[in-house]
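Here's the structure, in structure tokens; my notes come after.
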Amino acid sequence: MAVEIPFRREFTFEYGRLEPVAPGVRRIVARNPGPFTFRGTGTYVVGSGEVAVIDPGPDLAEHVEALLAGLSGERVTHILITHTHRDHSPAAAALKTETGAPTWGFGPHAGGKRGEPGVEEGGDWDFVPDMIARDGDWIAGKGWRFEAVHTPGHTSNHLCFALADSSILFSGDHVMGWSTSVISPPDGDMTAYMASLDKLLGRRDAVYWPTHGPAITEPQTHVRAFIAHRGERETGVLESLAAGIGDLDKIVKRLYLGLEPGLWRAAGRSVHAHLIDLVSRGIVASEGPPTLDTRYRLLRS
Ligand SMILES: [Zn+2]
């Protein structure tokens, strides 16, 4: 029986408008809809008068202008970055120029180490945080305080931000309501992602606000469904290998029947991430390094 993920895709907003979504929290959605961004990047503003901005978004001048217009008379004191994909961090540069606010993040994309060209996509290699936030660090401004929660997996530098005294977690792309997260090696890491899902199960946050799409109001149920879903995928990969199918492309075709062609590549990355994880756990062997085009075989089930 396939795992049912309780996806949430009802999403009401107006492009270019900074709108209140929860007490002390506003959001403006950038006009960059797509297969990986849903309706676009949701940039959050926390506080009033002196505010923090979470994920300024893609390099899109109209988005930064609309954000600043919505914040007229207020001051941005902190720019927080969940991770360095190009739909999240590039606008930090323009926002910093306009406001002088420092940026906070875990570190540069992929620790600054570039993977093979053509494999590592979508990274904002230019972003370097002014201030480093590690797991458990607190970032405080006027009337608000965040705990940084390191949640590697989608990227190695992914942070969620827990807003103190609110039970809100800004979950970035680690946990989203509208879709599963893309885990794309080399920077995407399935082993780390699963550990980061477990980490959230140990917390008491009551509502998640992801960067794309609506809030998740039953986060524990949602996280458990994602864990079960990946477990099911892993079983599918192991069954393919047990049936003698050892090429990544063939495993993807077997597991993702009916998938839109535009998403094949992402599905391939996800299966690759599972295979790397299984190799590291000693369950699967690869002929040479566990790349996209090597052959894989089952060592034990
Ligand atoms: Zn991302």
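Might you tell me the accessible area per residue for segment 77-185, computed with a 1.4 Å probe and given in Å²?
Accessible surface, normalised per residue, equals 37 Å².
For the chain, what does the helix formula give at 222 nm: sum of -39500 (n - 2.57) over DSSP H segments with n ≥ 4, over the residue count, nearest 500 deg cm²/dmol?
-8500 deg cm²/dmol
Could you size up the charge dipole of segment 180-301 around its Cα centre, putting +1 on the beta carbon of Lys and Arg and -1 on that of Asp and Glu, and report it in debye to the nearest 20?
Around 180 debye, computed over segment 180-301.
Going toward the positive end of the dipole of the chain, with +1 on Lys and Arg Cβ and -1 on Asp and Glu Cβ, which of 177, 261, 279 do you reach last?
Comparing the listed Cα positions along the dipole, 279 ranks first.
Find the all-direction average of the projected area of the Cα convex hull for the chain, expressing the result in square nanometres with one decimal place.
Seen from a random direction, the Cα hull of the chain projects 15.1 nm² on average.
In degrees, nearest 10, range 0 to 90: what is the angle between the Cα axis of helix 190-201 and the longest Cα principal axis of the chain?
50
Would you kindly give the portion of the calculated P(r) for segment 83-240 that falls above 25 Å, as a percent of all Cα pairs?
Tail of P(r) above 25 Å: 31 percent of Cα pairs.
Considering all alpha-carbon pairs of segment 176-220, what whole percent are spaced by more than 15 angstrom?
Counting every Cα pair in segment 176-220, those more than 15 Å apart make up 52 percent.
Dividing the alpha-carbon Rg of segment 175-301 by 2.2 N^0.38 Å yields what?
1.11
Considering only DSSP beta bridges whose two residues both sit in the chain, what percent are antiparallel, to the nearest 5?
Here the share of antiparallel DSSP bridges comes out near 70 percent.
Ranked from the most accessible area to the least, with a 1.4 Å probe and all protein chains present, what is the order of 194, 176, 131?
Largest to smallest exposure gives the sequence 131, 194, 176.
From the residues 105, 40, 6, which one has its Cα farthest along the dipole of segment 1-128 in the positive direction, the dipole being from +1 and -1 charges on Cβ of Lys/Arg and Asp/Glu about the Cα centre?
Farthest towards the positive pole: 6.
Quick one: putting +1 on the C-beta of Lys and Arg, -1 on the C-beta of Asp and Glu, what dipole do you get for the chain around its Cα centre, in Debye to the nearest 20?
With only Lys, Arg, Asp and Glu charged at Cβ, the dipole is about 560 debye.
The values are calculated or read from the model by the stated rules, or taken from the named source; none is laboratory data. This is a predicted model, so every value here is computed, not measured. Please note: Cβ atoms are built from the backbone with ideal geometry, for glycine as well, and neighbour counts cover all protein chains shown. What goes into the accessible areas is simple: the full protein's heavy atoms, side chains included, and nothing from ligands, DNA or RNA. Shrake-Rupley method; radii C 1.70, N 1.55, O 1.52, S 1.80 Å.
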